[in-house]
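What follows is a set of notes on a single structure, which appears directly below.
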Amino acid sequence: VLDLFLLLSGCAGNTWPSVERLKDGRQGFVIREKAGMDAASLAEFQRAVALLNDGKDGEAIELMKRVIDRSPRFSAPHIDIALAYLRIGAPEPAEQHMKAALSLVPGHPVAGNEYGLLLRKTGRFNEAREVYEKAVDRFPDYLPARKNLGILCDLYLNDPKCALEQFERYSRLMPEDEKVKIWIAELRIRLGR
């Protein structure tokens, strides 16, 4: 499984956001954002994440709103509040915050994957495809978005070539996923390969 790390950084002279591969042997990448988040906001953000992890979505949403008000240019609070809104059954504000995160970090893999799922669930399949494609173009090794793009192409867009391409690329990095291997075999049969 790939790790995704979102870091706050105040270093000058870099283009923001920046992306780099992990150097410690793990698979994944780092997205660095110049957020300008003060210590109090960072502490509040960390408390909100803990509340989310404890399933206290309403409390987390209120904290995240304050963090976003003070640090609107940081994508992680937008993503986290969107996920909390989805868990309480509020897709409209969730979509608004996913769009905000994607405007800050175009093609953000987590925001793109979650927004793609929301678009798919609401029947906006072509929009979902665009969002997934941006995510996998910018972050080709982010496997959840690649797998979900394959599912979308196969089951919702009737595009078996797209589905096969996504599943094959996914399977090269996640060879232990037997279910996807079965999907690949079925797609190859359907395509006469």
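When you go through (1) more than 16 Å from H78 (Cβ to Cβ); (2) touching a residue at least 60 places away in the same chain (Cβ under 8 Å); (3) not in a loop (DSSP other than H, G, I, E, B) one by one for D141, which number turns out not to apply?
Of everything listed in (1) more than 16 Å from H78 (Cβ to Cβ); (2) touching a residue at least 60 places away in the same chain (Cβ under 8 Å); (3) not in a loop (DSSP other than H, G, I, E, B), D141 misses just condition (3).
Mind checking whether some residue in segment 145-160 is hydrophobic (A, V, I, L, M, F, W, C) and within 27 Å of P72 (Cβ to Cβ)?
Yes, some residue in segment 145-160 is hydrophobic (A, V, I, L, M, F, W, C) and within 27 Å of P72 (Cβ to Cβ).
Mind listing whichever residues of segment 175-184 are among the hydrophobic types (A, V, I, L, M, F, W, C) and either more than 19 Å from N158 (Cα to Cα) or surrounded by 12 or more Cβ atoms within 10 Å (Cβ to Cβ) (or both)?
Within segment 175-184, V180, W183, I184 qualify.
Based on what the data block shows, is A90 out of contact with any helix residue (DSSP H, G or I) (no Cβ under 6 Å at 6 or more places or on another chain), within 20 Å of D57 (Cα to Cα) and not basic (K, R)?
yes
Tell me whether segment 164-172 contains one or more residues that are crowded, with 17+ Cβ neighbours inside 10 Å, aliphatic (A, V, I, L, M) and more than 26 Å from R73 (Cα to Cα).
Checking segment 164-172: at least one residue is crowded, with 17+ Cβ neighbours inside 10 Å, aliphatic (A, V, I, L, M) and more than 26 Å from R73 (Cα to Cα).
Quick one: which of A145, A185, A84 is under 18 Å from the mean Cα position of the chain (by Cα) and over 26 Å from E62 (Cβ atoms)?
From the options A145, A185, A84, the qualifying one is A145.
Hey, could you check segment 118-138 for residues that are assigned to a loop (DSSP other than H, G, I, E, B) and not polar (S, T, N, Q) and say which is surrounded by the most Cβ atoms within 10 Å (Cβ to Cβ)?
R124
N148 is checked against (1) touching a residue at least 24 places away in the same chain (Cβ under 8 Å); (2) touching a Leu at 6+ places or on another chain (Cβ under 9 Å); (3) farther than 21 Å from I31 by Cβ; (4) surrounded by 14 or more Cβ atoms within 10 Å (Cβ to Cβ) and fails just one. What number does that condition carry?
It fails just one condition, (3).
Values in this text are rule-based calculations from the coordinates and carry no lab data. The structure presented is a predicted model; accordingly, all values stated were derived computationally and were not measured. Glycine also receives a Cβ, built like all others from the backbone with ideal geometry; neighbour counts cover every protein chain displayed.
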